[in-house]
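Presented below is the structure to which this report refers.
The values are calculated or read from the model by the stated rules, or taken from the named source; none is laboratory data. All values reported here derive from a predicted model rather than from experimental measurement. Cβ placement follows ideal geometry from the backbone for every residue including glycine, while neighbour counts extend to all protein chains displayed. Ligands, DNA and RNA are excluded from the accessible area calculation, which covers all protein heavy atoms including side chains. Shrake-Rupley method; radii C 1.70, N 1.55, O 1.52, S 1.80 Å.
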Amino acid sequence: MDSFKVSGPTKLSGTIEVEGSKNSALPIMAASLLYNGKVVLNNIPRLKDINSMISLLESMGALTQFENNSLSIDNSGLNSFRADYNLVRKMRASFIVLGGLLARKGRAEVSLPGGCAIGQRPVDIHIKSFEALGIQTNIKEGYVYAQTSDINSNEEQRVELEFPSVGATENLMIFAAGRNQTTIINNAAKEPEIVDLANFLEKLGAKVSGAGTAFISIKGFDASKESPSETVFNHDVIFDRIVAGTYAIAGIITESHITVKNVNHDHLKAFYNVLEQIGVNFILKDNEIEILPNNILSSLNPVNLTTLPFPGFPTDLQAQIMILLTQIKGKSKIFETIFENRFMHVPEYTRLGAVIEATSQSASIAGPAKLKAAPVMCTDLRASAGLVLGAMVAEGETMINRVYHLDRGYEEMEKKLKKAGLKIERVKE
Ligand code: EPZ
């Protein structure tokens, strides 16, 4: 497995461009299953997770072509309703193909994804919600077998999620868009990726209202009809708000003057709010965040923050903000409410010299800590980004092992950071 060698401390400069959103691209790719023809998706990041979803769709008969961040998917040859364990286990988001397969084929066999480093991450909310919509489900030998006999009854259907799960909302939205009736999802997730998915489903022919609120109504079309279509649908995926936040923190933690480009400010309000509380000097321009050169870490303030579903502070920026807080004078506190095991990076940050006390759901960060290079290990995607940020301020050469996690979610991170002035090198296994 590849590693990164990063030399610090360092200053960055210039503009860093954010890529398209992985977490928007994946459900939209899964939603392409609804369409008996070709879709072209633009602004797709070149990442391992995207390749995993491509392999899964191809295993079920899709034809794909991926060039210059543009991905075409033709699902007119869809010949399977089974998502195999060997493909699903590589990436949890694969489970979202369930809704599309059910709508298109009337049945689906999808492997359970299993747990992962940041928590157990069950799919019980997905399954209960499909059952509430009248789908028969059966779990056997690690697979969910799901079947519907009345895809196109005309009655309005309602489902209420016990928690606004992003993945469950997406799975249900895709299913609802592919059946010729109205479905109402209550207590839905409100993330920007949900709105992007809704926009794509509308292009395919569904009528979606309320995406971005807790109450989504979808009037779908009959995806099970096999009439081939000549129309090619195009969609530009939104930019990645988590990548934007990560690079903004890179500017702050190195006390640098940088601009992060391709940012939708509406997606990052809770993040900006925390930066303001800390006292960071930044300016928001059209689609850019400019981190001003006058940020002195020793003059910033500690903060207490809680990760929450959107529009709250995103759990996917928790590891990155934590490493910044290690450099700020005073005691900061982070409460993680989305995942039950998302402080795996704490022991790795401690290896760099951070002073953090963590329980399963809260972490107390004492700053400023003088960070020094040490060999460290990536535990999950965002924790890996946090380690790169830590290595930027740590004195010496930090070896970050197992960066394949980063390749799952950040497009060419080392190239972008190198261009901005970081001494970073990929060491091939
Ligand atoms: C999405 O995961 C993202 N992944 C995650 O990003 C992100 O951290 C998460 O949403 C929260 O924002 C993608 O979009 C591909 P959830 P998802 O269902 O959909 C529990 C990253 O780094 N839960 O909202 O899996 C679950 O265990 C990743 O890019 C159940 O208990 O998140 C978790 O504790 C990591 N039962 C919480 O809800 C269920 O059936 C939130 O999960 C479903 C979820």
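Here are some notes:
- Within the accessible area of segment 104-193 (1.4 Å probe), percent carbon and sulfur: 42 percent
- Low-density loop cleavage sites - GluC sites (Glu not before Pro) in segment 224-264, where at most 12 other Cβ are within 10 Å (DSSP): E226, E230
- Degrees separating the helix 48-59 axis from the principal Cα axis of the chain, which is the longest one: 20 degrees
- The antiparallel fraction among DSSP beta bridges confined to segment 22-236 stands at about 70%.
- Estimated FRET transfer efficiency (K370, Q120; beta-carbon r; R0 30 Å; 0.05): 0.25
- Helix 381-393 and the longest principal axis of the C-alpha atoms of the chain enclose an angle of approximately 20°.
- Whole-number accessible area per residue in Å² for segment 22-236, which is evaluated in the context of all protein chains at 1.4 Å: 39 Å²
- Three-way shape label, segment 360-429, alpha-carbon gyration tensor, a/c 1.5: oblate
- For E276, the solvent-accessible surface computed with a 1.4 Å probe is close to 120 Å², ligands and nucleic acids excluded.
- Here segment 183-203 is scanned for amide nitrogen atoms under 18 Å from the site 7 Å beyond the Cα of E162 along Cα-to-Cβ, giving 186-189.
- Euclidean distance between Cα centres, segment 153-173 to segment 250-310, Å: 34 Å
- Length-normalised contact order for segment 22-236 - Cα pairs under 8 Å, 6+ apart - percent: 22 percent
- When the charge dipole of the chain is built from unit charges on Cβ atoms (+1 for Lys and Arg, -1 for Asp and Glu) and taken about the Cα centre, the candidate among G396, I296, V208 whose Cα reaches farthest toward its positive end is G396.
- Prolate/oblate/rounded label for segment 169-218 (Cα gyration tensor, a/c 1.5): oblate
- Computed FRET value (nearest 0.05) for Q361 with F233, which takes r as the C-beta separation and R₀ as 56 Å: 0.85
- Linear extension gain, S299 paired with R107, 0.36 nm per residue minus alpha-carbon span: 63.2 nm
- Overall, the chain carries a charge dipole of about 780 debye about its Cα centre when +1 sits on the Cβ of Lys and Arg and -1 on the Cβ of Asp and Glu, all other atoms neutral.
- Gyration tensor (alpha-carbon) shape descriptor, segment 22-236, a/c threshold 1.5: rounded
- Crossing angle, helix 166-177 versus the chain [Cα axis fit, 0-90 degrees, rounded to tens]: 30 degrees
- Normalised contact order of the chain, rounded percent, pairs of Cα under 8 Å and 6 or more residues apart: 22 percent
- DSSP beta bridge pairing in the chain, given as percent antiparallel to the nearest 5: 70 percent
- Stokes-Einstein D (µm²/s) once Rh is taken as the Kirkwood radius of the chain over alpha-carbon pairs, at 37 °C in 0.692 mPa s: 148 µm²/s
- Helix-only CD estimate at 222 nm, as mean residue ellipticity for the chain, using -39500 (n - 2.57) per DSSP H run (n ≥ 4): -9000 deg cm²/dmol
- Farthest positive-ward along the chain dipole, Cα basis, beta-carbon charges - from F233, G220, V110: V110
- Relative contact order computed over segment 1-122 (Cα-Cα under 8 Å; 6+ residues apart), in percent: 23 percent
- The H on the amide N of T306, modeled in the peptide plane, is under 5 Å from the matching H of F335, each at least 5 residues off or on a different chain.
- Only Lys, Arg (+1) and Asp, Glu (-1) charged, at Cβ; segment 22-236 dipole about Cα centre in debye: 280 debye
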